[in-house]
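Here is the structure we will look at, set down as structure tokens.
The values are calculated or read from the model by the stated rules, or taken from the named source; none is laboratory data. The model shown is predicted, which means the values in this text are computed figures rather than measured ones. All Cβ positions, even for glycine, are placed from backbone atoms using ideal geometry, and neighbour counts span all protein chains on display. The area values use the complete protein model at the heavy-atom level, side chains included, leaving out ligands, DNA and RNA. Shrake-Rupley method; radii C 1.70, N 1.55, O 1.52, S 1.80 Å.
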Amino acid sequence: MKLVFAGTPEVAVPALDALIASGRHQVAAVVTRPDAPAGRGRRLVASPVAERAEEAGIEVLKPARPRDAEFLERLREIGPDCCPVVAYGALLPRVALDVPAHGWVNLHFSLLPAWRGAAPVQHAVMAGDEITGASTFLIEEGLDSGPVYGTLTETVRPTDTSGDLLTRLALAGAGLLAATMDGIADGTLKAVPQPADGVTLAPKITVEDAHVDWAAPALRVDRVVRGCTPAPGAWTTFRGERLKLVQAVPVAERADLAPGQLAVGKNNVYVGTGSYAVELLWVQAQGKKPMRAADWARGVRIGDGERLGG
């Protein structure tokens, strides 16, 4: 088939690579979000998908909105049979969805209908799911509600951050998307409607969602820290300033601390929760680089009775 691939962040690059390497399909163009300011100088930078496409000599389309007339005209000129999508980052209007004969097929990082929305991996980690996965489905105008072509499963490991899990899903999902394109081209794969039961939503994680509640049990604190790593980053406050929690682990043996209460040893920093303590391993103070929690604690000289979270 002739394909137009839509995607933006680094997590979409493995799927683009898999389609380029498949040998069965022609990636005629790539659709991605416009260049965005990045770094200290805030200079405009192309998306990872745009950079990869340019390296491969593939035409790159960067519409401000997918309903822009110029973009739609070019899409019709290319005449794709199908448009595979991974984390594109913009809603596709009906007028765009109708262009390819086989529609737009999205690789979504959950087992649909679970975790429909922008942040399925973060929500899976924060909810304590033991199994998650990826799905390919035909995009409709509803939120991740279209019929499903294929799925794969992935175990959520006890120490997984959302970044760890997403990296594995992106690699495995690339193969799933390529296989889905093969099945559509062969006419051997039919999309199956999603069940009405089991729908959960995964909206974008906000900074407030990442604010750690020390009155919550240690397992909940652990899930928030892992689920919000690397973005937006779990955080608390210390002496009125924000402190990012980069890595922490529950310690069931320490149940002697009140919620938020700090206890500092020679090489350990513990914080009380609503159940037992967590040990802080890495933190990032405001305006600083990430550092070992024990080094941070020595630098700020934590006094008796001091606590996190106000």
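Quick grid of which residues meet (1) of a type outside the set (A, V, I, L, M); (2) touching a Leu at 6+ places or on another chain (Cβ under 6 Å); (3) in contact (Cβ under 8 Å) with a residue 60 or more places away in the chain; (4) over 25 Å from Ile184 (Cα atoms):
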| position | (1), (2), (3), (4) |
| --- | --- |
| Leu111 | no, no, no, no |
| Arg116 | yes, yes, yes, no |
| Ala119 | no, no, yes, yes |
| Ala127 | no, no, yes, yes |
| Gly146 | yes, yes, no, no |
| Leu152 | no, yes, no, no |
| Asp160 | yes, no, yes, yes |
Going through (1) among the basic types (Lys, Arg); (2) farther than 30 Å from Arg40 by Cβ; (3) at pLDDT 95 or above one by one, Lys244 fails only at (2)
Under 6 Å between Cβ atoms, at least 6 apart or on separate chains: pull out the pairs that start in the stretch 1-25 with a residue that is more than 15 Å from Asp182 (Cα to Cα) and end on any residue that is open to solvent by 50 Å² or more (accessible area, probe 1.4 Å) and among the small types (Gly, Ala, Ser). Thr8/Gly89
Would you point out which residue out of Ala69, Ala101, Ala64 is of a type in the set (A, V, I, L, M, F, W, C), within 25 Å of the chain's Cα centre (by Cα) and on the phi < 0 side of the Ramachandran plot? Ala64
Return the total of residues in the stretch 298-310 being part of a loop (DSSP other than H, G, I, E, B), touching a strand residue (DSSP E or B) at 6+ places or on another chain (Cβ under 6 Å) and not β-branched (Val, Ile, Thr). 4
Tell me yes or no: at least one residue of the stretch 32-45 is modelled with pLDDT of 95 or more, open to solvent by less than 50 Å² (accessible area, probe 1.4 Å) and under 26 Å from Ser145 (Cβ atoms). yes
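Where in the stretch 53-155 are there helices (runs of 4 or more DSSP H), lying fully within it, with 3 or more residues that are touching an Asp or Glu at 6+ places or on another chain (Cβ under 8 Å) and buried (at least 19 other Cβ atoms within 10 Å of the Cβ)?
Working: elements: 69-78, 94-97, 120-126.
The helices (runs of 4 or more DSSP H) meeting that bar number zero.
It is to be established whether one or more residues within the stretch 4-15 are among the aliphatic types (A, V, I, L, M), over 19 Å from the mean Cα position of the chain (by Cα) and open to solvent by 10 Å² or more (accessible area, probe 1.4 Å). Even if it seems obvious, please write down each step before you answer.
Narrowing the stretch 4-15 to residues among the aliphatic types (A, V, I, L, M): 4, 6, 11-13, 15.
Pick out the ones that are also over 19 Å from the mean Cα position of the chain (by Cα) and you get 4.
Filter once more, keeping what is open to solvent by 10 Å² or more (accessible area, probe 1.4 Å): none.
Scanning the stretch 4-15, I find no residue that is among the aliphatic types (A, V, I, L, M), over 19 Å from the mean Cα position of the chain (by Cα) and open to solvent by 10 Å² or more (accessible area, probe 1.4 Å), so the answer is no.
Keeping to the stretch 156-181, report how many residues are in a helix (DSSP H, G or I) and either open to solvent by 20 Å² or more (accessible area, probe 1.4 Å) or under 15 Å from Pro120 (Cβ atoms) (or both).
15
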Filtering the stretch 208-263 for residues that are of a type outside the set (Lys, Arg), more than 23 Å from Gly287 (Cα to Cα) and not in a loop (DSSP other than H, G, I, E, B) leaves a count of 9
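Take Val225 and tell me if it is of a type in the set (A, V, I, L, M), closer than 17 Å to Gly163 by Cα, open to solvent by 20 Å² or more (accessible area, probe 1.4 Å) and touching a strand residue (DSSP E or B) at 6+ places or on another chain (Cβ under 7 Å).
Working: of a type in the set (A, V, I, L, M): yes; closer than 17 Å to Gly163 by Cα: yes; open to solvent by 20 Å² or more (accessible area, probe 1.4 Å): no; touching a strand residue (DSSP E or B) at 6+ places or on another chain (Cβ under 7 Å): yes.
In short, no.
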Residues in the stretch 256-292 that are basic (Lys, Arg) and either open to solvent by less than 60 Å² (accessible area, probe 1.4 Å) or more than 22 Å from Thr229 (Cα to Cα) (or both): how many? 1
Which members of the stretch 269-297 meet the condition of being part of a strand (DSSP E or B), under 19 Å from Val221 (Cα atoms) and not basic (Lys, Arg)? Val269, Tyr270, Val271, Ala277, Val278, Glu279, Leu280, Leu281, Trp282, Val283, Gln284, Ala285
Pair list, Cβ < 7 Å and 6+ apart or interchain, from the stretch 245-257 residues that are among the aliphatic types (A, V, I, L, M) to residues that are open to solvent by 50 Å² or more (accessible area, probe 1.4 Å) and not in a strand (DSSP E or B): Val246/Pro290; Val251/Tyr276; Ala252/Tyr276; Ala255/Tyr276
Could you please let me know if Gln247 is touching an Asp or Glu at 6+ places or on another chain (Cβ under 6 Å) and open to solvent by 50 Å² or more (accessible area, probe 1.4 Å)? no
